[in-house]
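Presented below is the structure to which this report refers.
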Amino acid sequence: MGEPILLVATAAFGGGLLSAVLGWADSSEPFNPRKFTKSLGAALFGALVFSTTYTFTSGEIGLKDVFLAVLGGAGIDALANRAGLSRL
C-alpha cells in the first residue's frame, strides 16, 4: 500500500512543480529562485495533503487518481500564488 501513496505524492509534487515552471515561463520576469522555492514549498504541501488524503481510501489507486493529484498539486500552487505566498 505504500507504493501507490508514493505515486500520488510524487504526482501532486510534480503538478506543483509544473505549475511553478509554467507560471515562470508565462511571465516576462527573469528567474527568481526565492519565488521558485516558495512554489516548491507549496508543491510539497500539496504532496503531503494528497498522500495523507489517499491513505484513507480503501480502493485501488488508478490513473484517474494520479491525474487528479497532478491537478491538485498544480491547484495548490496556483492558490498559493493568488494568496501572495510566493511574493513574500
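FYI, it's all coordinate maths here, none of it is from the lab. Remember, predicted model here, so these are calculated numbers, not experimental data. A quick note on method: Cβ atoms are made from the backbone with ideal geometry, for glycine too, and the neighbour counts reach across all protein chains shown.
Separation between the Thr37 and Leu6 pseudo-spin-labels, each 7 Å from Cα along Cα→Cβ, expressed in nm?
My value for the distance between the label points is 2.8 nm.
Would you be so kind as to identify which of Leu17, Phe67, Asn81 lies farthest towards the positive end of the dipole of the chain, taking Lys and Arg as +1 and Asp and Glu as -1 on Cβ and the Cα centre as origin?
It is Asn81, whose Cα lies furthest towards the positive end.
Compute the acute angle (0 to 90°) between the alpha-carbon long axis of helix 2-26 and the principal axis of greatest extent of the alpha-carbon atoms of the chain; round to the nearest 10°.
For 2-26 against the chain, the angle is about 20 degrees.
Which order, highest average first, do 47-57, 69-79, 15-25 follow once you tally other Cβ atoms within 10 Å for each residue and take the mean per peptide?
Values: 47-57: 16.1, 69-79: 21.5, 15-25: 18.8.
Averaged packing, sorted descending, gives the order 69-79, 15-25, 47-57.
Average projected area of the Cα convex hull of the chain, in nm²? Working shown, then result.
Details: hull surface 22.5 nm².
Its Cα hull, projected and averaged over all orientations, spans 5.6 nm².
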